[in-house]
Every structure is written in C-alpha cells, then in structure tokens.
Amino acid sequence: MLPFRLVYHEGYDLHLGDHVFPSKKFKWLHDRLLSTRFAVPEDFTAPEPATDDDVRLVHDAEWVAKLRNGTLTYQDILRLEIPYSRQMVEAFWLAAGGTMLTTRLALRDRVGFNIGGGFHHAFPAHGEGFCAIHDVAIAIRRLQRDGEIRRAMVVDCDVHHGNGTAAIFTGDPSVFTLSIHQFNNYPTEKPPSSLDIHMPDGASDDEYLHRLANGYRAALLMFHPELLVYVAGADPYCEDQLGGLSMSFDGLRERDRLVIWTALTHQVPVAIVLAGGYAQSVEDTISIHANTAAVAKDVLEKVA
Ligand SMILES: [Zn+2]
C-alpha cells in the first residue's frame with residue numbers, strides 16, 4: 001500500500017459533456033493509478049460531501065442558496081463557464097469534502113492526495129472559471145475552526161492566477177497565499193496574493209523552477225505554516241490548450257519535487273489537490289497528475 005491515502009469519489013465528475021474541462025479526468029486518473037499498479041483499491045478513501053455550514057465558512061449564504069436551489073442568473077452561469085446541473089453542484093460539495101478529508105489525512109500521514117479539488121477561482125459571493133466553491137479555503141477554514149491548525153499556506157502552481165484564494169484570504173495573517181502563474185492569461189484581474197510570481201509567456205522549465213524555488217523557499221521559512229496545500233495544476237504544460245508556458249513532463253515533476261520536498265523536510269505536511277489541466281491529449285493531463293502522486297510517494301519515502 002501507499003504511505004498516504006488517495007481521496008476519491010465517483011461523484012467528482014462534474015458532468016460537463018463536451019467541454020474544454022475534461023471532467024472525467026478524476027475517474028481516468030483513479031483508473032490509471034490502479035491499472036499501472038501504482039495503487040491498490042485499499043489506497044483509496046471516499047469523502048463525505050461538505051455540509052452547507054462548512055461551505056458557508058467561506059461563501060456568502062446567498063451564493064450557497066443559489067447553487068443549492070438552482071437559482072443562478074444567466075450572468076452567474078456565464079461567469080462560471082460551465083452548465084448548471086444538480087450533479088455539478090453535488091460534485092463541488094464532494095470535492096470540498098474531499099479536500100477537507102485530504103487536509104486531515106495530511107496532518108496524520110504528512111501527505112494527503114485528493115484526486116480532485118483545487119477550485120481556486122471561486123470567490124465568496126460568486127463562482128467563475130469552472131469553480132463554483134473554493135474547496136481549499138473551506139478545508140483550511142474548517143481546520144482552523146476546529147482548532148486543528150492556526151497557520152496554513154497555499155502554494156498554487158496552476159498556470160492561472162489563484163484569484164479566489166487571494167481574495168478570500170486577503171488581510172488574513174493566518175494564511176499565506178503564493179501563486180505562480182502566466183501573467184498574460186485568465187484572470188485579467190489578479191487580486192494580490194501574499195506572493196505572486198508572474199511568469200512571462202512561454203517560460204521554460206529552468207526559468208519557472210528558478211523563480212519558484214526562490215520565492216517559495218523564502219516564504220516557507222519565513223511563514224512556517226502548520227499545513228501546506230499544494231494546488232498542483234497540470235496546465236503549465238507546453239501543450240496545454242488554456243496555458244501559455246512551455247513546461248515539460250520533467251519540469252513539472254521537478255516542480256512537484258521542489259514543493260513537496262521543501263515542505264516535508266521542514267516538517268510541514270502537504271495536502272495535494274489537482275486543479276486545472278487541458279492538454280491537447282487528455283492522456284498527458286492524466287500523466288502529469290499521476291506523476292505528482294508518484295513524486296509524493298518518492299519524497300515521502302526518502303524523508304521517512
Ligand atoms: Zn488553470
């Protein structure tokens with residue numbers, strides 16, 4: 001068995017049909033990890049959905065009610081950029097429950113891995129960019145409320161800026177937010193994170209890893225969180241349809257190693273969530289996410 005749990009639920013599928021967001025990727029990654037014998041069925045654990053009370057730790061009651069009752073306006077749905085359905089709402093609540101479970105498992109096992117989550121574009125009172133509710137923020141707020149942790153850090157390596165994360169935790173000294181992203185990309189408005197690393201179009205592995213290492217190491221040592229949530233987006237990949245960086249499989253693996261190794265060697269547990277990934281070939285997206293799980297296993301075994 002793996003030295004950490006893989007959190008997964010069949011209901012993670014957002015049922016988007018023919019959409020640039022491959023919402024079956026959660027199931028496909030689950031299947032890949034089994035078919036390659038990286039994992040056995042006992043490595044997986046299924047979450048409960050978050051409760052509405054959990055979701056309201058971050059989101060306005062009005063936005064939660066709109067999602068629950070199906071009363072989104074045309075404007076709400078345009079901003080969300082995904083079709084509304086009951087299954088979609090259930091999937092977001094499950095993803096939030098999944099990230100909540102993953103963070104608890106990370107505190108127990110030093111690493112937790114959610115085969116889902118990372119919906120970093122959700123704001124307290126609206127959703128956008130395929131993100132209805134912010135699973136990462138909900139999980140952090142719940143741990144803080146329960147007195148499990150005080151200080152958390154979010155390291156967001158999705159190619160798109162973590163605008164929802166930045167907005168939710170702005171002015172809150174208990175949560176450090178780091179986002180490294182392509183500057184000339186969605187979202188056009190980027191509310192400031194604690195640390196933003198703006199990458200130019202077409203940035204290479206070397207440039208990316210150099211900038212990330214400098215900013216991240218300094219931030220981790222200075223802030224010393226009790227938990228790190230790693231938003232391990234697959235979309236900095238050179239063949240991503242919604243990204244404009246030039247990272248290779250190897251570069252993304254080095255990125256994973258840098259984030260996870262640095263945290264674990266400083267006694268900071270790591271909860272990993274997937275976020276975006278829109279490669280021309282969905283198989284590439286699955287491979288990048290599978291590589292992140294493999295790096296987590298390797299690092300955890302080495303620091304043990
Ligand atoms: Zn993204």
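Derived scalar couplings between HN and Hα for the range 145-153 equal 5, 7, x, 6, 9, 10, 10, 10, 10 Hz in order, rounded to whole Hz, by the Karplus curve 6.51 cos²θ - 1.76 cosθ + 1.60 (θ = phi - 60°), x for Gly and Pro. When its C-alpha radius of gyration is set against 2.2 N^0.38 Å (N residues), the range 117-191 gives a value of 1.06.
By a straight-distance test (C-alpha under 26 Å), which lysines pair with LYS25 as possible cross-link partners, with residues fewer than eight away in the same chain excluded? In chain and number order, the partners are LYS297. Extension gain, THR51-ASP18: 0.36 nm per intervening residue step, less the Cα-Cα distance, totals 8.9 nm. Taking all protein chains together, CYS238, CYS157 sort by accessible area into CYS238, CYS157, largest first [probe 1.4 Å].
Solvent exposure of the range 30-69 amounts to 55 Å² per residue of accessible area, where only protein heavy atoms count and the probe is 1.4 Å. Compared with the direct C-alpha span, the chain from VAL40 to ASN184 gains 47.8 nm at full extension, assuming 0.36 nm per residue. Using a Förster distance of 22 angstrom, determine the FRET efficiency expected from the C-beta separation of ASP31 and ASP250, and round it to 0.05. Working from the Cβ atoms, E equals 0.35. Can you work out the FRET efficiency for the pair ASP298 and ARG68, with r the C-beta to C-beta distance and R0 = 35 Å, to the nearest 0.05? Efficiency at R0 = 35 Å is approximately 0.25. Of the residues TYR74, TYR12, TYR84, the one that moves most in a GNM of the chain with alpha-carbon contacts below 10 Å is TYR74. Counting only protein heavy atoms and using a 1.4 Å probe, the accessible area of ARG79 comes to about 110 Å². Share of carbon and sulfur in the accessible area of the chain stands at 51%, probe radius 1.4 Å. Overall, the anisotropy analysis places the chain in the rounded class: the square-rooted eigenvalues a ≥ b ≥ c of its C-alpha gyration tensor yield a/c less than 1.5. Positive-end ranking of ALA294, THR165, LEU220 along the dipole of the range 165-304, with charges on Cβ about the Cα centre, is headed by LEU220. With R₀ set to 45 Å, the beta-carbon distance separating ARG145 from GLN241 gives a calculated FRET efficiency near 0.70.
Where only protein heavy atoms count, and the probe is 1.4 Å, what is the accessible area per residue for the range 151-207 in Å²? Show your work: numbers first, answer last.
Working: 2080 Å² over 57 residues.
Computed with neighbouring chains in place, this is 37 Å² per residue.
Rounded to the nearest 500, the 222 nm mean residue ellipticity of the chain from helices alone is -13500 deg cm²/dmol, with -39,500 (n - 2.57) taken per DSSP H run of at least 4 residues.
Annotation: per residue accessible area for the range 229-280 equals 29 Å², rounded to a whole number [probe 1.4 Å, protein chains only].
Given a 1.4 Å probe and the protein chains as shown, ARG86 ends up with an accessible area of around 120 Å². By a 1.4 Å probe calculation restricted to protein chains, HIS15 has an accessible surface near 90 Å², given to the nearest 10. When the residues THR285, THR36 are ordered by accessible surface, computed with a 1.4 Å probe over the protein chains alone, the sequence from largest down reads THR36, THR285.
The values are calculated or read from the model by the stated rules, or taken from the named source; none is laboratory data. Keep in mind it's a predicted model, so treat the numbers as computed, not measured. All Cβ positions, glycine included, derive from the backbone under ideal geometry; neighbour counts span all protein chains shown. In case anyone asks, the SASA skips ligands and DNA or RNA and just uses the protein heavy atoms, side chains included. Shrake-Rupley method; radii C 1.70, N 1.55, O 1.52, S 1.80 Å.
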